[in-house]
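For reference, the structure is listed below as structure tokens.
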Amino acid sequence: MTTETKLTKREETLPEETRTERRVAPSVDIYENQDEILLLADMPGVGKDELQVRLDKDVLHVEGKKSFDENDKGLLSCELVPCSYARSFSIPKTIDGDKISASLDRGVLTVHLPKRESVKPRQIAVTSA
Amino acid sequence: MLRRWNDLWSDFDRTFAWMDTVRRQMDNTVDEPTFGFDLRSSRGFPSANLYDSGNEFTIRAEIPGLTEKDVNVTVNQDVLTISGTRENDAPEGYTAHRRERIPVRFSRSFSFPSPVDMEKVKASVKNGVLTVQLAKAAEAQPRQIAVKAE
């Protein structure tokens, strides 16, 4: 019957994606004041070498790989698995891409996104005529 | 009007394809704490792995943003308690657009299948991960039994 070939054929054309590790979105806090946007992301277990923060056109990608010291040491209870953190944010054009800076401390990533000078609020002096 | 067999089965194919996509999406969402606080809140903060490597127990707990001064580790005969407070680290003068990292006061206890040697407990924090190593008490150490031939 035609059913057999159609079903099996479909499986070949749409192979399932297998990823070697899980991708998890880290929890973030986003703050803003008049000079910059501040992004704080929880990425415990990620060292500076495994962390990648990059700006691609207007999207900020934050990626990190969680490292585990030894595997299979006689696991009794498992709530953490090796995984990679990944999250992307679209950045408004008011941010100056060249001045973005990031630091990693105690498993928390802090990204400073300063705003362009031209968009900062400005005080206009009022002179008496 | 009798539809052709091909048309009839293509409806099934579309349904199976849709079911496959939904199943895959459900697989991806259910087994991971993807946003950090949904599963954690039911099991307790911090999320932790327990290991038994024969001579000692090891606990690996994720405590992002906390240093060794912010966390208390206490050990009893066979119960380990990790407690502390995750303070609100919102910077002054900023408006918050999104808050997912919630300040929390936590206390989580783990019990072990055998007693531990309280003199030999080591705890360290690196990159927001707390690792506690507890050597098993002498009587609980694994022992090799010699097998004699009769």
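Here B:ARG143 meets the list (1) surrounded by fewer than 17 Cβ atoms within 10 Å (Cβ to Cβ); (2) of a type in the set (Lys, Arg); (3) in a loop (DSSP other than H, G, I, E, B); (4) within 9 Å of another protein chain (Cβ to nearest Cβ) almost entirely, failing just condition (4).
One residue is enough: does segment B:24-38 have a residue meeting the conditions modelled with pLDDT under 65, within 30 Å of A:VAL111 (Cα to Cα) and more than 16 Å from the chain's Cα centre (by Cα)? Looking for residues that are modelled with pLDDT under 65, within 30 Å of A:VAL111 (Cα to Cα) and more than 16 Å from the chain's Cα centre (by Cα), one finds at least one in segment B:24-38, hence yes. Taken over segment A:77-129, the criterion of being among the small types (Gly, Ala, Ser) and at the interface with chain B (Cβ under 10 Å from one of its Cβ atoms) is satisfied by A:SER77, A:GLY107. Under the condition of being free of Cβ contacts under 8 Å to residues at least 24 places away in the same chain, surrounded by 12 or more Cβ atoms within 10 Å (Cβ to Cβ) and not charged (D, E, K, R), the residues counted in segment B:112-140 number 2.
Scanning segment A:21-45 for residues that are of a type in the set (Val, Ile, Thr) and at pLDDT 90 or above, we see that the one that is surrounded by the fewest Cβ atoms within 10 Å (Cβ to Cβ) is A:ILE30.
For segment A:60-126, list the strands (runs of 3 or more DSSP E) that sit wholly inside it and hold at least 3 residues that are without any contact (Cβ under 8 Å) to a residue 40 or more places away in the chain and in contact with a Leu (Cβ under 6 Å, 6 or more places away or on another chain); which are they? Reasoning before the result, please.
Working: elements: A:75-77, A:83-90, A:101-105, A:108-114.
In segment A:60-126, no matching strands (runs of 3 or more DSSP E) lie anywhere.
Only strands (runs of 3 or more DSSP E) whose full extent lies in segment B:83-131 are considered here, and the ones with at least 2 residues that are of a type in the set (Lys, Arg) and more than 17 Å from A:ASP29 (Cβ to Cβ) are B:104-111, B:116-126.
The values are calculated or read from the model by the stated rules, or taken from the named source; none is laboratory data. It should be emphasised that the depicted structure is a prediction, and the values quoted were computed from it without experimental measurement. For neighbour counting, all protein chains shown are included, and Cβ atoms are generated from backbone atoms with ideal geometry for every residue, glycine included.
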